[in-house]
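K.L.:
One structure, pasted below without further comment.
The values are calculated or read from the model by the stated rules, or taken from the named source; none is laboratory data. Fair warning: this is a prediction, and the values are worked out from it, not measured in the lab. Reconstructed Cβ throughout: ideal geometry from the backbone, glycine too, with neighbour counts over all protein chains shown.
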């Protein structure tokens, strides 16, 4: 498998930020964490493998007290363990939860499927459901839950959000059946309708 740096170098002609660094806003993290029963779902070793400056990892620590969070990144952004290439690592964890580098989403799916003992949750553009290259993976390993985030996500704070996103969750303990959940802000939720 190619390393992350090789993929970054391959994609370096794009106008994306260096190292595909787009921090996860808290409300996007909450779309995942508030729609799961955190007291039992994200427990044990949780690996945030593209941690950046730690936004998502810190949110997991805050909302999932039974999770032991390990954070790493290929780049040194002042948080977690730097120099760790997820695509070549052999580290395992109960859960892998991350906002993967945009152009390496497929490679992160493949690697997470091999390394996660319980499951993994990855943030992707909604259009990832329709990708030809990913269709074989989805057929063999259908995500158990897809949490749709209404509206477009602004990762830069520049007010130019262009893409809709969703969380894809794979859980080895659940049946191979995909269920879709539409995330709503906390104040509009009713009971446990959105809990999985």
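K.L.:
Given the structure, is residue 28 more than 17 Å from the chain's Cα centre (by Cα) and either closer than 25 Å to residue 133 by Cβ or modelled with pLDDT of 95 or more (or both)?
P.N.:
Working: more than 17 Å from the chain's Cα centre (by Cα): no; either closer than 25 Å to residue 133 by Cβ or modelled with pLDDT of 95 or more (or both): yes.
Judged against the criteria, residue 28 is not a match.
K.L.:
Continuing with the same structure: Would you point out the residue of the range 128-143, among those that are touching a strand residue (DSSP E or B) at 6+ places or on another chain (Cβ under 8 Å) and within 15 Å of residue 100 (Cβ to Cβ), that is surrounded by the fewest Cβ atoms within 10 Å (Cβ to Cβ)?
P.N.:
This residue is 128.
K.L.:
Just give me the residues in the range 78-124 being surrounded by fewer than 17 Cβ atoms within 10 Å (Cβ to Cβ) and closer than 23 Å to residue 31 by Cβ, in sequence order.
P.N.:
Passing the criteria: 103, 106, 113.
K.L.:
To continue, here is another question. Looking only at residues in the range 144-176 that are in contact with a helix residue (DSSP H, G or I) (Cβ under 9 Å, 6 or more places away or on another chain), assigned to a loop (DSSP other than H, G, I, E, B) and surrounded by 15 or more Cβ atoms within 10 Å (Cβ to Cβ), which one is modelled with the lowest pLDDT?
P.N.:
Out of the qualifying residues, it is 155.
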